[in-house]
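Let me begin by presenting the structure, written as structure tokens, before commenting on it.
The values are calculated or read from the model by the stated rules, or taken from the named source; none is laboratory data. Everything numeric here is computed off the predicted structure, so don't read it as measured data. Ideal geometry is used to build each Cβ from the backbone, glycine not excepted, and the neighbour counts take in all protein chains shown. To get the accessible areas, we keep the full protein, side chains included, count just its heavy atoms, and leave off ligands, DNA and RNA. Shrake-Rupley method; radii C 1.70, N 1.55, O 1.52, S 1.80 Å.
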Amino acid sequence: MAGFRNLFRLFLEALRDLLPIILVITFFQVIVLKQSFPNLGDTLAGLIFVVVGLTLFVQGLELGLFPIGNALANALAHKGSLWILFGFAFALGFGTTVAEPALIAVTAEAATVAAGGGHIENTDVAKGSYANYLRYTVAVSVGTALVLGVFRILKGWPIQFFIIGGYILVVIITAFAPQEIIGIAYDSGGVTTSTITVPLVTALGVGLASMIRGRNPMIDGFGLIAFASLTPMIFVLLFGIVMG
């Protein structure tokens with residue numbers, strides 16, 4: 001019964017979170033455009049599926065991904081091997097990013113646009129290769145970001161210096177990158193931090209900071225997502241320079 005009440009609470013919270021979007025769409029559809037919703041039954045059914053899906057996703061995070069991330073961080077911190085910890089951080093960043101649906105969609109669209117613009121051959125093989133190279137470049141960048149972020153947590157260094165320096169580097173590299181890759185590079189930082197990556201990366205950072213004496217989870221545990229958003233821009237810009 002307690003589990004059902006918690007699930008119902010999450011359902012109401014998901015509905016509350018989606019309510020502003022629902023109101024905005026309804027306002028412009030009915031008041032501004034003065035049109036009824038096409039296929040209202042399908043729209044309502046889809047809305048219910050979205051709310052239920054979001055509810056189950058949040059429940060899954062609480063039951064599975066966050067505990068797993070914390071447990072792995074704790075176990076690796078106790079093991080005392082930096083190389084194993086760094087290897088896990090890289091593998092986690094790489095694996096979760098490769099599996100991101102948003103990244104798969106963006107890289108595929110980027111390949112299609114590149115082919116249409118004559119930058120690569122307009123064949124399925126060429127577009128597939130371009131999309132995969134771009135996708136794995138982003139995945140390697142996120143893996144590298146997590147290694148750097150874990151190292152920062154271990155050392156206790158302030159995050160702002162890394163972020164400021166990273167964005168200065170982005171600005172410098174942008175001046176040398178091909179124009180057609182700049183927008184893709186900037187978007188790549190956003191699509192990497194999505195439904196799969198964020199929960200596990202956050203759990204890793206908070207769990208690791210909680211296990212290290214002298215570290216504050218609120219100060220040191222968060223910030224890995226910022227690294228995961230920043231480094232793809234640098235790597236994709238470099239990818240464009242090399243490929244261009």
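Phi angles across the stretch 23-34 convert, under the Karplus curve 6.51 cos²θ - 1.76 cosθ + 1.60 with θ = phi - 60°, into 3J(HN,Hα) values of 5, 5, 4, 5, 4, 6, 6, 8, 8, 7, 7, 6 Hz, Gly and Pro given as x. For residue 7 and residue 242, the difference between the fully extended length at 0.36 nm per residue and the C-alpha to C-alpha distance is 79.6 nm.
Against the empirical curve 2.2 N^0.38 Å, the C-alpha radius of gyration of the chain lands at a ratio of 1.19. Model label points for residue 75 and residue 91, set 7 angstrom from Cα along the Cα-to-Cβ axis, are 1.1 nm apart.
Expressed as a whole percent, the accessible area of the stretch 75-207 that falls on carbon and sulfur atoms is 69 (1.4 Å probe).
Counting Lys +1, Arg +1, Asp -1, Glu -1, what net charge surrounds residue 220 among other residues with beta carbon under 11 Å of its beta carbon?
Net charge around residue 220: +3.
The longest stretch of the chain left intact once loop-based trypsin sites (Lys or Arg not before Pro) with at most 10 other Cβ atoms within 10 Å are removed from consideration, loops following DSSP, is 35-212. Averaged over its residues, the chain has an accessible area of 55 Å² per residue, based on protein heavy atoms and a 1.4 Å probe. Centroid-to-centroid, using Cα positions, the stretch 130-171 and the stretch 183-223 are 11 Å apart.
Restrict the search to the stretch 156-244; then list the chymotrypsin sites (Phe, Trp or Tyr not before Pro) that DSSP places in a loop and that have at most 13 other Cβ atoms within 10 Å of their Cβ.
Sites meeting the loop and neighbour criteria: 176.
Give me the tail of P(r) for the stretch 101-238 as a percent: Cα-Cα pairs with distance above 22 Å. I get 42 percent for the Cα pairs in the stretch 101-238 exceeding 22 Å.
Among 91, 185, 45, the largest mean-square fluctuation in a Gaussian network model of the chain (Cα springs under 10 Å) belongs to 45.
Shape analysis of the stretch 138-183 yields a ratio of the Cα radius of gyration to the Kirkwood radius, Rg/Rh, of 1.07.
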